[in-house]
Amino acid sequence: MRIARFSIDGNVAFGAVEGSGSSPGELVLDIIKGIPFSDFELSGTKVPLSKVRLLPPVLPNKVVAYGRNYAEHARELGNEVPDAPFAFFKPSTSVIGHGDEIQYPSFSQDLHHEAELAVVIGRMCREVPRERVKDVILGYTCANDITARDVQRREKQWARAKGFDTSCPLGPWVETELDPSDLTIQLTVNGQQRQLGRTSEMIHPIEDLIVHISEAMTLLPGDVILTGTPAGVGPLTVGDEVAVTIEGIGTLTNKVVKRG
Ligand code: MG
């Protein structure tokens with residue numbers, strides 16, 4: 001099931017995306033009674049996707065992002081491939097949805113895109129054993145780990161470089177029935193392909209990442225884990241339209257604007 005979060009006439013709701021096309025005109029939302037993190041049912045009340053505004057599919061308490069989880073990407077930036085996974089945070093205020101604007105921050109001159117598969121946590125959990133990881137996952141969505149590369153190089157901690165407002169586009173929805181182990185992940189800028197990889201190229205697979213982070217902290221429903229980016233990262237400029245497409249999920253599109 002594809003679960004979207006959206007607003008219509010000032011109300012916010014979750015809905016199941018129905019229809020087989022990829023353009024909003026071909027899709028409808030069956031409004032969900034309740035929330036997707038517990039038992040819920042479909043109301044049977046349907047609205048065309050073209051009539052709503054999509055919101056970030058979840059409001060995470062925290063976004064935990066993994067770095068250098070694809071060998072080719074680690075090397076393209078001149079970094080060693082790390083032995084163990086390493087994580088950093090993107091704050092909840094960095095999250096935006098499909099169609100929202102990425103605001104180019106005033107303190108950077110080198111904004112980069114990073115297409116990533118995002119894991120959405122479905123239930124509160126801690127110290128998750130490897131064999132239980134699938135039980136704590138609600139589903140998967142597309143993410144763009146927008147990075148001020150010059151600031152990342154300059155500052156020891158990445159809080160500003162990767163945590164500024166609008167630096168975490170997520171969407172367009174959460175796909176709950178998906179084997180994430182070998183999916184095509186690609187990114188285009190103004191229709192031109194920049195990144196292409198497969199999730200099977202991850203150095204540390206999703207199970208390892210959830211074990212690793214839940215060893216340290218409680219994960220809450222709606223929390224998001226970013227799993228790293230394949231090779232091909234590069235600059236964005238004001239006016240660009242950047243799109244992340246992951247096989248079996250869909251396309252997350254955002255435009256870059258100057259911060260007003
Ligand atoms: Mg990243």
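The values are calculated or read from the model by the stated rules, or taken from the named source; none is laboratory data. Every value quoted in this text rests on a predicted model; they were computed, and no experiment measured them. Every residue, glycine as well, gets a Cβ built from its backbone with ideal geometry; the counts of neighbours run over all protein chains shown.
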Selected residue [over 16 Å from the mean Cα position of the chain (by Cα), in contact (Cβ under 8 Å) with a residue 40 or more places away in the chain and within 19 Å of residue 1 (Cα to Cα)] from 151, 136, 189: 136
Wholly enclosed helices (runs of 4 or more DSSP H) of segment 145-257 bearing at least 2 residues more than 16 Å from the ligand (Cβ to nearest atom) and outside the structural domain of residue 82 (by TED's automatic domain parsing): none
Top-ranked residue of segment 115-144 - restricted to ones that are within 18 Å of residue 62 (Cβ to Cβ) and among the acidic types (Asp, Glu), ranked as nearest to the ligand (Cβ to nearest atom): 116
Test: residue in segment 35-45 that is surrounded by 14 or more Cβ atoms within 10 Å (Cβ to Cβ), in contact with a Leu (Cβ under 8 Å, 6 or more places away or on another chain) and in contact (Cβ under 8 Å) with a residue 12 or more places away in the chain: yes
Residue 196 in contact with an Asp or Glu (Cβ under 9 Å, 6 or more places away or on another chain) and over 30 Å from residue 38 (Cβ atoms): no
Flag if residue 147 is over 30 Å from residue 129 (Cα atoms) and either touching a helix residue (DSSP H, G or I) at 6+ places or on another chain (Cβ under 7 Å) or charged (D, E, K, R) (or both): yes
Members of segment 87-105 found to be of a type in the set (Phe, Trp, Tyr) and either surrounded by 19 or more Cβ atoms within 10 Å (Cβ to Cβ) or within 11 Å of the ligand (Cβ to nearest atom) (or both), listed by number: 88, 104
Scan of segment 47-84 for residues that are surrounded by fewer than 20 Cβ atoms within 10 Å (Cβ to Cβ), in contact with a Leu (Cβ under 7 Å, 6 or more places away or on another chain) and either free of Cβ contacts under 8 Å to residues at least 40 places away in the same chain or closer than 17 Å to residue 117 by Cβ (or both), ordered by number: 47
Cβ-Cβ under 6 Å pairs, at least 6 apart or on other chains, segment 225-246 side within 19 Å of residue 175 (Cβ to Cβ), far side more than 14 Å from the ligand (Cβ to nearest atom): 243/188; 243/251; 243/253; 244/252; 245/186; 245/251; 246/183
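Table: residues versus (1) in contact with a Pro (Cβ under 8 Å, 6 or more places away or on another chain); (2) within 23 Å of residue 201 (Cα to Cα).
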position: 92; (1), (2): yes, no
position: 97; (1), (2): yes, no
position: 118; (1), (2): no, yes
position: 126; (1), (2): no, no
position: 129; (1), (2): no, yes
position: 158; (1), (2): no, no
position: 161; (1), (2): no, no
position: 164; (1), (2): yes, no
position: 174; (1), (2): yes, yes
